[in-house]
Amino acid sequence: MMDWLQLFFLDPVSLYQGAAFPFALLFNHLCVMDSFSTQARYLFLLAGGGALAVAAMGAFAVLVFIPALCTVVLIHSLGPQDVHRPTFLFQMTWQTLCHLGLHYTEYYLQEAPSTRFCITLSSLMLLTQKITSLSLDIREGKVVAPSGRIPNKNSLPEHLHAALPYLSYLLFFPALLGGPLCSFQRFQARVEGSSSLWSRHSFWALTWRALQILGLESLKVIVSGVVGVGAGLGGCRQLQCVFVLWSTAGLFKLTYYSHWLLDDALLRAAGFGSELGRSPGEEGLLPDADIWTLETTHRIALFARKWNQSTARWLRRLVFQQRRTWPLLQTFLFSAWWHGLHPGQVFGFLCWAVMVEADYLIHAFASVFISSWPMRLLYRALAWAHTQLIIAYIMLAVEARSLSSLWLLWNSYSSVFPTVYCILLLLLAKRKHKCN
């Protein structure tokens, strides 16, 4: 029991997210009871975000406040068709400079980075999602551009009143440290909607989420015990390295699932998960964890779409749909940039892009040449095992980050699995070229 408490409650992000739960429920309750004006709702969410940022990040919270304020200034100063590129470049430059500070600490000074600074970087990455999502919505006409609504002669209080929804959206506390991406349309519709659109959050729904998290954390204790007893990649031999790969990646996945469920529950507790009153063009809140699909799929491409679903949808909209040449490769390269460009991340995301491309060709070939159901069943089982091991390989590369850890991974028996897919990719691509 003590091990479980240490694993869960000593995680700072989970601790702060858990502390925000009573305030999320209070906010939802006050909206249901119609005790809040619209401006009071925006201010409550903004003040909660500011307080949570200072509590979790300390002085580093300034690194989140500055780009949020600059973004609001930019979207009020630029036209709808001009707002996306400057806000995107500014935010990604700011985030990259902060990531370079982490590189300097880890690789040059060879010191452990501050926990508060790591939380700040994570929050900055989520802020980048919201900023670029908002700027794309403005460019595409889904959100009315504030620059077109505010005359230059307006007084300062009127400007602040107009800027409040945007600043509140960028810093609202249920999505400050985690959670699926919530669009500005959904955020504004929930905050400005009538009290009848705010649902009383089901006690049983929250209880079910809590039981899921408890189950995942219990599994983490078991798997961490197995990983702790093992030799690790540095001391494993031959097929033992495959078990180390699978068990270590399993621990990472359980941690992600637990975090995503907690983040999603916090957003829904605050009332942002309700589908009541949703407009036809408004995107629904997409949960990040589809555990059943992730653990049972035999397709790497499907795993890529379902892993951290809201981020995958954001990357598809921001990069994949905007590029005509090599959209898949550019999407994974941008993902590596967004994550911080550590060596393991660059290799891991490039490897993932190649594996997805191979996945398309391999399964297209199999669907034509494997017809009998016993062979299809055997193929599906083998493809599932290979998919899970390749994903485990990519996950260890991304999480290891450093070149020394990456070298251990490269020299282990686990490298066989992505190598097989690379060989099949070359053979099937050559065959496809001949057929064409």
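Scan Ser371, Ser310 and give me the residue that is modelled with pLDDT under 95, in contact with an Asp or Glu (Cβ under 6 Å, 6 or more places away or on another chain) and of a type in the set (S, T, N, Q). After applying the criteria, what remains is Ser310. The single condition among (1) under 28 Å from Gln322 (Cβ atoms); (2) of a type in the set (Lys, Arg); (3) at pLDDT below 95 that Lys130 does not satisfy is (3). Among the residues of the stretch 102-125, none is identified as touching a Gly at 6+ places or on another chain (Cβ under 7 Å) and within 17 Å of Phe88 (Cβ to Cβ). In this structure, is Phe23 open to solvent by 70 Å² or more (accessible area, probe 1.4 Å) and in contact with a Gly (Cβ under 7 Å, 6 or more places away or on another chain)? Considered against the rule, which asks whether it is open to solvent by 70 Å² or more (accessible area, probe 1.4 Å) and in contact with a Gly (Cβ under 7 Å, 6 or more places away or on another chain), Phe23 comes out as yes.
Considering only residues in the stretch 308-324 that are open to solvent by less than 40 Å² (accessible area, probe 1.4 Å) and either free of Cβ contacts under 8 Å to residues at least 40 places away in the same chain or among the hydroxyl-bearing types (Ser, Thr, Tyr) (or both), the one that is farthest from Ala175 (Cα to Cα) turns out to be Val319. So in the stretch 247-272, with the set limited to residues that are of a type in the set (S, T, N, Q) and closer than 17 Å to Ile390 by Cβ, which one is least open to solvent (accessible area, probe 1.4 Å)? Looking at the filtered set, the residue picked out is Ser247.
Filter the helices (runs of 4 or more DSSP H) completely within the stretch 54-154 down to those with at least 1 residues that are open to solvent by 60 Å² or more (accessible area, probe 1.4 Å) and in contact (Cβ under 8 Å) with a residue 60 or more places away in the chain. Reasoning before the result, please.
On the way: elements: 62-77, 84-103, 115-139.
It comes to 62-77, 115-139.
In the stretch 325-436, counting only helices (runs of 4 or more DSSP H) that sit wholly within it, the ones holding 1 or more residues that are open to solvent by 90 Å² or more (accessible area, probe 1.4 Å) and not β-branched (Val, Ile, Thr) span 343-369, 373-400, 403-410, 416-435.
The values are calculated or read from the model by the stated rules, or taken from the named source; none is laboratory data. Being a predicted model, the structure only gives us computed values, none of them experimental. Backbone-built Cβ (ideal geometry, glycine too); neighbour counts: all protein chains shown. The protein model used for the area step is the full one, side chains on, heavy atoms only, and it has no ligands, DNA or RNA in it. Shrake-Rupley method; radii C 1.70, N 1.55, O 1.52, S 1.80 Å.
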